[in-house]
Amino acid sequence: PIFKRLGEMYAGSEKGLKSQDLYLDILNHNKDYSGLKSYSQILLQQPKGDPKRTLKLQQIFEQAYFLEVQSQEEKGEIKMAIANYHKFVKTNPKSKLAEKALWNAIQLQFKIFDSKGAAISVEKFATLYPKSEHVVPALLRAAQAYESMAQLTRAAKVLEKLSRLDKSAGEKWQSLAADFYAIEGLTNKAQPLYIALKGSKDSNLAFHALEQLEQMAKPGSSTQLKLTEEIIKSGRQPQASLIQLRSVEALFAKGDHSKAFTEAKKVLSMNGNGTEAAKAKARFIQAQILEKEFEQQSVKSRLDRFTTVFAIKTGKLEKAQKAYQAAIEYGEPHVAVESLMRLSKLYGSYVEMLKTMPLPEGLPQTEAPAFQAEMDKLAIPMEEKSVETMADALAQAKKLDLRTGIIPR
């Protein structure tokens, strides 16, 4: 107390300054950080003297302030410590201890599961101390916190910041940020990131960006068509085959069967893993087109042309039959069962055609019963085949436990 009084009485003299210093030493020795902070703050408010001394007093004030908050943390007064660490940063932004204070606050916020508060603090930390060794892991943790709270837009913003600061994995974070924006429907924010990633040296990231851009593009637009061509040219499977298949399905749905059949050939000629399902569906579409051609083939004829016409009709049946059988061989469960069902109906159509076939022009009426009997003979084995194939389709659907409504059908 004497030193404190002397410091006040002789503030500007050597005796007074020495007294102040001794009082500060005693407070420090006693670890009275609260008193040290208050006294150094009082001295700083006095008329300015030696700049070196002022600087030293400022350092003492900051250290005492920091240690006071740290002692609160050690005593388990976590919420108070968090609030005071943040207050320290706000009131002493230029202090060398400010970074450490904010980092300590963040660690404590995560410790008490204040994920949102911690994530917000991390964003502030990254803005104030972008060169800190803690900034990259902190931003990653903040992104994870926002993701766990389903706040994907905020997570994406953090990841964008992370991508600029983490040079070693920047593109990875940029891609993830774009994915989060895409999930949230913010294509205006996702697209520029994907466009930038298209030129990445990492082939996986570049292709993922290309794929996402294609999905975002307006269906049928020139942009989408261009991106589709890029995916197909890449040869990356199964994406290339699935994109090509989508084109086949669209053409088939529009009724452009000729072009759909030709485009399906491109899928069937592709190599690489993961294309078997696409090939099965492409071949199934071809089979349906061939079945349609079979149905449209007329069997009306003159007697001298009957053999030729009948052979053409049977030939179209065989082509469709082979296509369905080829689709089955790819081993895609749904396509296989659907193909068996279509085959059964195809055989049934052939039977119906045989039983209702008009008499060839020029055939004498006396020979009509013999002609119809011959057609019935041809129909019997095919009718049995139709039933057996449908039974096989049902057995396969049950075995595979397909839950798409195909078993009742």
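Brief remarks follow.
- Of the residues 226, 218, the single one that is at pLDDT below 90, assigned to a helix (DSSP H, G or I), under 22 Å from residue 178 (Cα atoms) and open to solvent by 70 Å² or more (accessible area, probe 1.4 Å) is 226.
- Selection within the stretch 329-382: residues that are acidic (Asp, Glu) and in contact (Cβ under 8 Å) with a residue 40 or more places away in the chain. The member of this set that is most open to solvent (accessible area, probe 1.4 Å) is 361.
- Annotation note: Cβ proximity below 7 Å between a residue of the stretch 13-31 that is over 13 Å from residue 2 (Cα atoms) and a residue that is buried (at least 16 other Cβ atoms within 10 Å of the Cβ) and not β-branched (Val, Ile, Thr) (sequence gap 6+ or interchain) occurs for 27/35; 27/36; 27/39; 28/36.
- Test: residue 408 is open to solvent by 80 Å² or more (accessible area, probe 1.4 Å) and part of a loop (DSSP other than H, G, I, E, B): yes
- Residue check for residue 335: touching a Ser or Thr at 6+ places or on another chain (Cβ under 7 Å) and either modelled with pLDDT of 85 or more or part of a helix (DSSP H, G or I) (or both): no
- Of the candidates 52, 48, 37, the single residue that is open to solvent by 80 Å² or more (accessible area, probe 1.4 Å), part of a helix (DSSP H, G or I) and not acidic (Asp, Glu) is 52.
- Top-ranked residue in the stretch 1-16 [being part of a helix (DSSP H, G or I) and open to solvent by less than 60 Å² (accessible area, probe 1.4 Å); ranked as modelled with the highest pLDDT]: 6
- Qualifying residue in the stretch 380-392 (condition: of a type outside the set (Ser, Thr, Tyr), over 35 Å from the mean Cα position of the chain (by Cα) and in a loop (DSSP other than H, G, I, E, B)): no
- Filtered by the rule that a residue be assigned to a helix (DSSP H, G or I), buried (at least 16 other Cβ atoms within 10 Å of the Cβ), modelled with pLDDT under 75 and not small (Gly, Ala, Ser), the stretch 231-258 gives 231, 232, 239, 242, 243, 244.
- When 288, 325 are screened for being open to solvent by 20 Å² or more (accessible area, probe 1.4 Å), in contact with a Phe, Trp or Tyr (Cβ under 8 Å, 6 or more places away or on another chain), touching a residue at least 12 places away in the same chain (Cβ under 8 Å) and closer than 25 Å to residue 406 by Cα, only 288 passes.
Per-residue answers, yes or no, for (1) in a helix (DSSP H, G or I); (2) under 23 Å from residue 243 (Cα atoms):
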position: 270; (1), (2): no, yes
position: 284; (1), (2): yes, yes
position: 292; (1), (2): yes, no
position: 300; (1), (2): no, no
position: 311; (1), (2): yes, no
position: 315; (1), (2): yes, no
position: 327; (1), (2): yes, yes
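- Members of the stretch 1-19 that are out of contact with any Lys or Arg (no Cβ under 8 Å at 6 or more places or on another chain) and of a type outside the set (Lys, Arg): 1, 2, 3, 7, 8, 9, 10, 11, 12, 13, 14, 16
- Number of positions in the stretch 21-32 that are open to solvent by less than 50 Å² (accessible area, probe 1.4 Å) and within 20 Å of residue 97 (Cβ to Cβ): 2
The values are calculated or read from the model by the stated rules, or taken from the named source; none is laboratory data. Quick caveat: nothing in here was measured; it's all calculated off a predicted structure. Don't worry about glycine lacking a Cβ; one is built from the backbone with ideal geometry, like all the others, and counts go over all protein chains shown. Please note that ligands, DNA and RNA were not included when accessible areas were found on the heavy atoms of the full protein model with its side chains. Shrake-Rupley method; radii C 1.70, N 1.55, O 1.52, S 1.80 Å.
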